[in-house]
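Down below is the structure, laid out as structure tokens.
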Amino acid sequence: MSKITAVIDIGSNSARMAIFEKTSRYGFHLIYEVKSKVRISEGCYENGGYLQEIPMRRAIMALRDFRLIAKKYAARKLLCVATSAIRDAPNKMEFLRMARKQSGIDIKVIDGAKEAWYGGIACANLSHNKNGITIDIGGGSTECAIIKDGRVYDLISLKLGTIRLKELFFDHHKGLEAAKEFIKNELKKLPKHFVHDNVFGIGGTIRAIAKINSKQTKYPIKTIHGYEILVKECKNFIQMIYKTKEERLEEIGVPVDRRDNIRSGALIFWLLLEHFGAKKITASGVGVREGVFLADMLRGQNFRFPNGIYPSLIALKDRCKAHQKYLKNISKQSLLLFDVLKPAHNLDYTCRFYLNVVSQLCDIGVFLNFYGKNDHGAYFLLHGLDYGFSHTDRAIVCLLVEYINKRIPKDETIVSISDIMPPIQTLQWLSYVISLAYALAVTNESKIRYVYFDKTLQIHTDTPLYLSKELTQNLTSPTKINLEFVN
Ligand code: LMR
Ligand code: MG
């Protein structure tokens, strides 16, 4: 697979291009993203599905620029898919021919099931949650995929979209009730097993709703992918969106480019949440484009990353060129220390996961500058561990890196997102263990054995560990522990 790949998705509302860089076999990250409000479906729903002249021209102009940008980034591969409006248009062949001739891009029109599958494999592989139903609300259609244990089980495409509903109902002031009827009628196509507590929210409409919600609640992590919202906490807001007049959407925080189609989107979203019996929304920053990319990358792997593989972690390591041998030793020491100190901290075994991740990445801040590396590393990790890590995971890893060799204060902003973070004692213990491992691995030479009894940790070594001893003097454990070096 080529190193740089560009993926274009011509949705019925907007056309978007994402450019991905593959850093190693399983590591990849987004290096560029651009969207254009092409609205290829404009006017088509009242005209028998025929794509109209002006929107087609907008699409081709955008595609021409997308292709030039892909070239600028030296993308070796350009994959372009088109969804609902184009797939249903009686004049699609004319458009596809024109697009190929004028932009040089071969567009692949995908059917609804394939579209749902791309969104499905993107969420199944890149979300921290591995179960739920995806909802991808587009301009012309809405796709759902059932995900069970990180695998896509069932797919469906519904003829419900923000622009479709806007043009058929909202533009003509036909009333909410008529739109609701139309949607409910289409929802009858959903098989009975499309029911779940968790939904993955994909697409521009849901992302916009999640963004406004996170702003209103002053949520401190500024990233949408993996953001979780309880349905009971946002129900009123979603309903308020579709009941508010377009001119007044600004007052409830809707950004200008979403005002003309968010009401129909919110209505579709709400009725689906209700239909699925959903209690939680996991906002997804990934969708069809990531799905197209992964389908290519994971062709030989059954479209799944192997267990325990985190593409964002690998991509960070690949880019920041960490000192592998040293970090492996920190990882080894921290896990040994965690196990031997179990009687003192009494933490759950699952906490080892954080030690493992943190020790692999604790030094990446050096990439920017050695001085202040813990602060740089913390910021990198909070934002860099996007695929596969929950916000809680990211916040914990970020704190542990920021406070290596220091005590985590109780009033840290991230610590105080009380409903997602573990107790401060847990964080301080993990921080202590990782700091101790960091200090003991400093020369990376000694063979170390630990014995713990009577609030004393004996550190048996075959070299004097002169510097390590000094470094450990500044560490404070959450409950008193004596360190005894035996050489
Ligand atoms: C689509 O139509 O699939 C996307 O353009 C979604 C959106 O609202 O931008
Ligand atoms: Mg779409």
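Suppose R0 equals 30 Å; then what is the FRET efficiency for Glu177 and Val256 from their Cβ-Cβ distance, rounded to the nearest 0.05? Don't skip to the end; give the middle numbers.
Numbers: r = 28 Å, r/R0 = 0.94.
Calculated value: 0.60.
Tell me, what HN-Hα J-couplings in whole Hz come from the Karplus equation 6.51 cos²θ - 1.76 cosθ + 1.60 at θ = phi - 60° for each residue of region 246-255, using x for Gly and Pro?
3, 4, 9, 5, 4, 5, 9, x, 7, x
Looking only at region 192-235, which residues have a backbone nitrogen under 19 Å from a spot 7 Å from the Cα of Lys37 in the C-beta direction?
Under 19 Å, as judged by backbone N against the label point of Lys37, lie 203-212 of region 192-235.
If you look for lysine pairs in region 4-109 that are eight or more places apart or on different chains, how many of them have Cα atoms under 21 Å apart?
For region 4-109, qualifying lysine pairs total 16.
In square angstrom, what is the accessible area per residue of the chain with a 1.4 angstrom probe?
Working: 21840 Å² over 487 residues.
Per-residue accessible area for the chain comes out at 45 Å².
My understanding is that a pair violates if its Cα-Cα distance is over 26 Å; which of Lys166/Lys189; Lys3/Lys222; Lys166/Lys192; Lys159/Lys279 do that in this structure?
Details: Lys166/Lys189 21 Å; Lys3/Lys222 29 Å; Lys166/Lys192 28 Å; Lys159/Lys279 24 Å.
Over 26 Å Cα-Cα: Lys3/Lys222; Lys166/Lys192.
At 7 Å along the Cα-to-beta-carbon direction for both Asp111 and Ser24, put a label point, then send me their distance in nm to one decimal.
4.0
Given a 1.4 angstrom probe, I'd like the percentage of the accessible area of the chain that is carbon and sulfur, rounded to a whole number. Let's see the in-between values first.
Details: 11200 of 21840 Å².
Using a 1.4 Å probe with all protein chains present, the chain comes out at 51 percent carbon and sulfur.
Lys and Arg at +1, Asp and Glu at -1: add these up for the other residues within a Cβ distance under 10 Å of Glu143 and post the number. Don't jump to the answer; show the numbers that get you there.
Details: positive: Lys114; negative: Glu115, Asp136.
Overall, the nearby charge balance is -1.
Largest first, please: the extent of the C-alpha atoms of region 113-289 along each principal axis, to the nearest Å.
For region 113-289, the Cα spread along each principal axis is 43, 39, 28 Å.
Hey, if you drop one equal point scatterer on each alpha-carbon of the chain and run the Debye formula without solvent, what base-10 log of I(q)/I(0) do you get at q = 0.08 Å⁻¹?
-0.55
Along each principal axis of its Cα atoms, how long is region 291-341 end to end? Whole angstroms, biggest number first, please.
45, 24, 14
Would you mind getting me the FRET efficiency between Glu94 and Arg299? Use the beta-carbon distance for r and R0 = 30 Å, nearest 0.05. Intermediate values should be presented prior to the final figure.
Working: r = 32 Å, r/R0 = 1.08.
Plugging the Cβ-Cβ distance into 1/(1 + (r/R0)^6) gives 0.40.
Would you kindly compute the Cα radius of gyration of region 311-485 and its largest Cα-Cα separation (Dmax), both in Å?
Radius of gyration, then largest Cα-Cα span, for region 311-485: 15.4, 45 Å.
Can you return the lysines within cross-link range of Lys447? Criterion is Cα-Cα under 30 Å, with same-chain partners fewer than 8 residues away left out.
Lys317, Lys321, Lys325, Lys328, Lys332, Lys342, Lys373, Lys406, Lys455, Lys469, Lys480
Could you name the aspartates and glutamates whose alpha carbon sits less than 14 Å from that of Lys130, not counting residues in the same chain fewer than 8 places away?
Of all the aspartates and glutamates, those that pass the test against Lys130 - Cα under 14 Å, at least 8 places apart if same chain - are Asp149, Asp197, Glu228.
Rolling a 1.4 angstrom probe over the protein chains, ignoring ligands and nucleic acids, what is the accessible area of Thr217 in square angstrom, nearest 10?
80
Give the share of C-alpha pairs in each 10 angstrom bin for region 98-160, from 0 to the last occupied bin, in whole percents, shortest bins first.
24, 40, 24, 11, 1
Stretched out fully, how many nm does the piece from Asn444 to His460 gain, at 0.36 nm a residue minus the Cα gap? Don't skip to the answer; put the middle values down first.
Values: separation 16, 0.36 × 16 = 5.76 nm, distance 1.48 nm.
Result: 4.3 nm gained on full extension.
Expressed as a rounded percentage, what relative contact order does the chain have, with Cα pairs under 8 Å and six or more residues apart?
Working: 908 pairs, mean separation 62.8, N = 487.
In percent, rounded to a whole number, it is 13.
Would you list, by chain and number, the aspartates and glutamates whose Cα falls below 20 Å from the Cα of Lys243, excluding same-chain residues fewer than 8 positions away?
List returned: Glu167, Asp171, Glu177, Glu181, Glu233, Glu251, Asp257, Asp260, Glu274.
Using 0.36 nm per residue of separation minus the Cα-Cα distance, give me the extension gain between Tyr452 and Lys279 in nm, one decimal.
So the extension gain works out to 57.8 nm.
Once fully extended, how much extra length lies between Phe367 and Asn307, figured as 0.36 nm per residue of separation less the alpha-carbon to alpha-carbon distance? Walk me through the numbers before you get to the answer.
Working: separation 60, 0.36 × 60 = 21.60 nm, distance 2.82 nm.
Extending this stretch completely gives an extra 18.8 nm.
Could you run the Debye sum over the Cα atoms of region 4-109, one equal point scatterer each and no solvent, and tell me log10 of I(q)/I(0) at q = 0.22 Å⁻¹, two decimals?
-1.09
The values are calculated or read from the model by the stated rules, or taken from the named source; none is laboratory data. Everything numeric here is computed off the predicted structure, so don't read it as measured data. Positions of Cβ are backbone-derived with ideal geometry, glycine not excepted, and every protein chain shown enters the neighbour counts. Ligands, DNA and RNA are excluded from the accessible area calculation, which covers all protein heavy atoms including side chains. Shrake-Rupley method; radii C 1.70, N 1.55, O 1.52, S 1.80 Å.
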